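See structure below.
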Amino acid sequence: MGNHHAKKICELDVFCLMVFKVIFQTGHANIAAKQLNVSAPKISRCLNMLRATFDDELFYRRQLGLKPTPVAEFLYEPICQFCDAVSKIEQSLTDKPGEDCPSILKIAVTSCIMASLSLAFSRSEYRPLIGAVQFVTWDDNSADLIHNGEIDMGISFDGSSEHPLSVESLGGLSKVCLAAEEMHPIWKSESGISLENICHYPFLCLDSVGFNDKIDPLEVFARQSGGNILDVSRVNTRDEWYSHLLTMGTVSFLPCSEAGIGHHLPGVRVERLCDDEVARLHGDSMAPEFMLIETQQEHRRYSVEQRELIIQLIKQLLSAS
């Protein structure tokens, strides 16, 4: 390398190299601005300085973002090593005992276990170790928000995304309860509760993205068995679900992890569906699985220990149900 290029590289500040690293990893200058908490024009100025220093375009536009050039591919590893070294130096100066200020972990959770997971967290011995957590409802935008760093992780049935997110299975929904108004006629069935009995009454779905938001397993069962459900209604929140059961004469499924909470809702009765009926409900398909959805490891704001404790909490909740 000539002296001219060496001098130009020495004149680059650390922040420009951090901009290079984030753009390379995300493919988007606007995401780099958010992650580094600076304005878009500053990202543009840094990118122009990088291009002038290395005498290369470094990134060119494509339909889904910025694609690195061969020169950028060559530079990525040494720049990452340099940025990691700088981060370690910074951490050694800022990590002092008694000065920790834990941030709030923001976790998007599918609505069907939101209440029971929140209750389990509030009572867990892990709570002081995990720190402050805010649970929000998982929806169609949650994967984008995880990718952009606005949500830390998600717990959902839907692991598909256009972003390169990490997806890990946490366990299946193998136990199911039935809920209805206390005086609902379904509780008077002398032959026990079967899927055929359930199909005789208006049915209520609490939509969960990636599971029953398009068609519920009971609807699939009814079609395959040649029967019909009297009526199917859909709601998006547990408050709507509760109100609908009390006022519309509907019956509904809920995970057994939510049964404890359901039992304490005035006017509602909850009973576990027997294993044989659950197997008929799922048919040839596997029971739906909850997925832990995260951004790539280098972008996570939480520790490995926090992550493992959250996973243990969820698995305990599912196994106890």
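The values are calculated or read from the model by the stated rules, or taken from the named source; none is laboratory data. This one's a predicted model, so the numbers in the text were calculated from it and none came from an experiment. So basically every Cβ, Gly included, is an ideal-geometry build from the backbone, and we count neighbours across all protein chains shown. Just the protein is used for accessible areas: all its heavy atoms, side chains included, with ligands, DNA and RNA removed. Shrake-Rupley method; radii C 1.70, N 1.55, O 1.52, S 1.80 Å.
The set of residues in region 224-276 being touching a Gly at 6+ places or on another chain (Cβ under 9 Å) and of a type in the set (A, V, I, L, M, F, W, C) consists of 245, 246, 254, 268, 270, 274.
Residues are listed down the side, and each one gets a yes or a no for (1) touching a residue at least 60 places away in the same chain (Cβ under 8 Å); (2) within 30 Å of residue 194 (Cβ to Cβ); (3) loosely packed, with under 13 Cβ neighbours inside 10 Å:
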residue: 260; (1), (2), (3): yes, yes, no
residue: 265; (1), (2), (3): no, yes, no
residue: 268; (1), (2), (3): yes, yes, no
residue: 283; (1), (2), (3): yes, yes, yes
residue: 292; (1), (2), (3): yes, no, no
residue: 299; (1), (2), (3): yes, no, no
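Scanning region 135-180 for residues that are of a type in the set (Phe, Trp, Tyr) and either in contact with a Pro (Cβ under 9 Å, 6 or more places away or on another chain) or touching a residue at least 60 places away in the same chain (Cβ under 8 Å) (or both) turns up 138, 157. For region 173-208, the set of residues classified as at pLDDT below 90, over 31 Å from the mean Cα position of the chain (by Cα) and small (Gly, Ala, Ser) consists of 189, 191, 192, listed by residue number.
Residues in region 247-258 that are touching a residue at least 12 places away in the same chain (Cβ under 8 Å) and either in contact with a Lys or Arg (Cβ under 8 Å, 6 or more places away or on another chain) or in a helix (DSSP H, G or I) (or both): 5 in all. The residue that is surrounded by the fewest Cβ atoms within 10 Å (Cβ to Cβ), among those in region 116-134 that are out of contact with any strand residue (DSSP E or B) (no Cβ under 9 Å at 6 or more places or on another chain) and either touching a residue at least 24 places away in the same chain (Cβ under 8 Å) or over 26 Å from residue 261 (Cβ atoms) (or both), is 129. For region 34-55, the set of residues classified as open to solvent by 60 Å² or more (accessible area, probe 1.4 Å) and touching a residue at least 12 places away in the same chain (Cβ under 8 Å) consists of 34, 35, 44, 49, 55, listed by residue number. Is it the case that residue 210 is closer than 27 Å to residue 292 by Cα, touching a Gly at 6+ places or on another chain (Cβ under 8 Å) and open to solvent by 20 Å² or more (accessible area, probe 1.4 Å)? Answer is yes for this residue. Looking only at residues of region 226-236 that are in contact (Cβ under 8 Å) with a residue 12 or more places away in the chain and more than 17 Å from residue 178 (Cα to Cα), we find that the one that is least open to solvent (accessible area, probe 1.4 Å) is 227.
One residue stands out in region 56-70 among those that are surrounded by fewer than 13 Cβ atoms within 10 Å (Cβ to Cβ) and modelled with pLDDT under 90: the one that is nearest to residue 298 (Cα to Cα), namely 64. Residue count for region 145-167 under the criterion of being modelled with pLDDT of 90 or more, open to solvent by 30 Å² or more (accessible area, probe 1.4 Å) and among the acidic types (Asp, Glu): the result is 1. Of all residues in region 214-225, those satisfying the criterion of being open to solvent by 40 Å² or more (accessible area, probe 1.4 Å) and in a loop (DSSP other than H, G, I, E, B) are 214, 215, 225.
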